[in-house]
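Notes follow the structure.
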Amino acid sequence: VRATKGGEEVRGYVPSMGQIFLRRFQMVTQFRQSLEDGQVSVHYQPKITLPNRQVQGVEALVRWVHPEFGRLGPDEFVPAIEAAGLIGVLTSFVLGEALKRCRKWLDEGLRISVAVNLSVRNLADEDFPNKVARELERFGIPPELLTFELTESGVMSDPQKALPILRELHSLGIVLAVDDFGTGYSSLAYLRQLPVDQVKIDKSFVLGMGTDLGDLAVVRSIVELGHSLGLTVVAEGVEEDVARDQLEAMGCDVAQGYLISRPLPEDRLEAWLQARTARSPGRHSETVLTL
Ligand code: C2E
Ligand code: MG
Ligand code: MG
Ligand code: MG
């Protein structure tokens, strides 16, 4: 953290509670306008299948370039937006952007799925599944090309409320994933009761698996557990080729991380896809990684 105090730069400066509060207050009151002003955008991070390394889909990750605060990561503003009751606005923006992108690919003959992160507060909105169904219809997107990612702790915090909504989304044909798996308190038995198709192993374990035998054991058991429950297993935080090779050897289905690509703005994602995919004529649905 940097700041200036009396004209002199001070490192390791920690903002006061008042400043944090003010910043959050500004974020919340300015959020809607910032959407209109184009300060908020969606970056996309590709995921590849293992072992054949084809593009399986992209995850939509929200970004905010604030005129005063600069680049803000979702970890900084999503909690404030949630607390202010504005998560519906954020989710519908990200969903709309992601579906628009997916539509563009379909028109180009590419079937690339898009994943959108949900907040548990989205599941408190009983009309949410209807809204999503209308959006899918508006863009003409097959529901299986949309994935919703929900953190384990999110679903766990109010399962009574979340479960019926999740079932409704699932029955629409949308793919459901448990994000950051391994960090919460879910038991094996609990996961079995959720209408989910995917587990995403939390990046902390994937990042640590090269040096920490405990992390390696956690990753291995999530892959086995996931498969025994018939789920697709995704590893996030794949930064090294050693990790990718280990995951591949364990039978992990999908990899995502800086090794494959960082989250990219739309135009750079297009370039990434073009550089790495060969579109075979007549076989439009296939995206082949030529890496
Ligand atoms: P997440 O859904 O678990 O997303 C993965 C995060 O890990 C992203 O951070 C991504 O940039 C980062 N990441 C990806 N690959 C690597 C890697 O190889 N190494 C490391 N160290 N990190 C990697 P990001 O974009 O800052 O997002 C943070 C969290 O914010 C997300 O975690 C998600 O929970 C939340 N979020 C992002 N976009 C949205 C959104 O549109 N709506 C909601 N409700 N939450 C969002
Ligand atoms: Mg996610
Ligand atoms: Mg995650
Ligand atoms: Mg996370």
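Normalising by the residue count of the chain, find the relative contact order in percent from Cα pairs under 8 Å and 6+ residues apart. Relative contact order, the chain: 17 percent. A cut-off of 5 Å between modelled amide H atoms, ignoring neighbours fewer than 5 places along the same chain, links Ala115 with Val58, Glu59, Ala60, Thr147. Compared with the dominant principal axis of the Cα atoms in the chain, helix 213-228 is inclined by about 60°.
For segment 27-36, putting each phi into the Karplus relation 6.51 cos²θ - 1.76 cosθ + 1.60 with θ = phi - 60° gives couplings of 4, 5, 6, 9, 4, 4, 4, 5, 5, 5 Hz, in residue order, rounded to whole numbers and with x for Gly and Pro. Here Lys100 is the anchor, and the lysines within straight C-alpha reach of less than 22 Å, apart from those fewer than 8 places off in the same chain, are Lys47, Lys131. Picking from Ile87, Gln39, Pro15, whose Cα lies most toward the positive end of the charge dipole for the chain (charges on Cβ: Lys, Arg +1; Asp, Glu -1)? Of the options given, the answer is Gln39. Relative contact order of segment 133-178: 56 percent, from C-alpha pairs under 8 Å at least 6 residues apart in sequence. Close amide-amide hydrogen proximity is noted between Leu50 and Val254, Ala255, each under 5 Å apart and 5 or more residues distant or on a separate chain (H modeled in the peptide plane; Pro and chain starts excluded).
Couplings 3J(HN,Hα) for segment 196-203, derived from phi with the Karplus relation 6.51 cos²θ - 1.76 cosθ + 1.60 (θ = phi - 60°), are 10, 10, 9, 10, 10, 5, 4, 4 Hz, where x marks Gly and Pro.
Applying 0.36 nm per residue to the separation of Ser92 and Thr211 and subtracting their alpha-carbon distance, the gain on full extension is 38.8 nm. Against the chain, whose longest principal axis is taken from its Cα atoms, helix 128-139 shows a tilt of about 70°. Residues whose amide H falls under 5 Å from that of Glu239, counting only those 5 or more places apart or on a different chain, are Leu259, with hydrogens built in the peptide plane. Value of Rg to Rh for the chain, rounded to two decimals, is 0.98; Kirkwood radius and Rg both from alpha-carbon coordinates. In this rough spin-label picture, where each label sits 7 Å from Cα along the Cβ direction, the Gln160-Thr183 distance is 2.7 nm.
Quick one: pull the percent of accessible area on segment 66-200 belonging to carbon and sulfur, 1.4 Å probe, ligands and nucleic acids left out. Kindly include the intermediate steps, with their values, before the conclusion.
Numbers: 2990 of 6000 Å².
Carbon with sulfur: 50 percent of the solvent-accessible area.
Per-residue ellipticity at 222 nm from helix content only, as computed over the chain with -39500 (n - 2.57) for each DSSP H run of at least four residues, stands at -14000 deg cm²/dmol. A 1.4 Å probe run over the chain, with the rest of the protein chains in place, finds 50 Å² accessible per residue.
Of Leu123, Leu106, Leu176, the residue with the greatest mean-square motion in the GNM of the chain, using alpha carbon springs below 10 Å, is Leu106.
Once you order the gyration tensor axes a ≥ b ≥ c over the Cα atoms, which shape class does segment 170-223 get: rounded for a/c under 1.5, otherwise prolate or oblate by comparing a/b with b/c?
Numbers: a/c = 3.12, a/b = 2.11, b/c = 1.48.
Prolate, since a/c reaches 1.5 and a/b exceeds b/c.
By how many degrees, 0 to 90 and rounded to 10, does the Cα axis of helix 266-276 deviate from the longest principal axis of the chain? Here the helix axis deviates by roughly 30 degrees. A compact globular protein would have a Cα radius of gyration near 2.2 N^0.38 Å; the ratio found for segment 134-286 is 1.14.
Under the shape rule built on the C-alpha gyration tensor, where the axes satisfy a ≥ b ≥ c, segment 183-271 is oblate, since a/c reaches at least 1.5 while a/b does not exceed b/c. For segment 1-138, averaging the sequence separation of C-alpha pairs within contact (under 8 Å, six or more residues apart) and dividing by the residue count gives a relative contact order of 19 percent. DSSP beta bridges fully contained in the chain are about 50 percent antiparallel. Could you please state how large a percent of the accessible area of segment 213-280 is carbon and sulfur, counting protein chains only and using a 1.4 Å probe? The value for segment 213-280 is 48 percent carbon and sulfur by accessible area.
Express in nm, to one decimal, how much length is gained between Glu266 and Asp75 on full extension, taking 0.36 nm for each residue of separation and deducting their alpha carbon distance. If you can, show how the numbers build up before the last one.
On the way: separation 191, 0.36 × 191 = 68.76 nm, distance 2.08 nm.
Using 0.36 nm per residue and subtracting the Cα-Cα distance, I get 66.7 nm.
Would you kindly calculate the translational diffusion coefficient of segment 7-110, applying Stokes-Einstein with the Kirkwood radius from alpha carbon pairs, for 20 °C and a viscosity of 1.002 mPa s, and quote it in µm² s⁻¹ without decimals? Translational diffusion coefficient: 134 µm²/s.
The values are calculated or read from the model by the stated rules, or taken from the named source; none is laboratory data. These numbers come from a predicted model, not from an experiment. We place every Cβ from the backbone using ideal geometry, glycine too, and count neighbours over all the protein chains shown. SASA here: full protein model, heavy atoms, side chains in, ligands and nucleic acids out. Shrake-Rupley method; radii C 1.70, N 1.55, O 1.52, S 1.80 Å.
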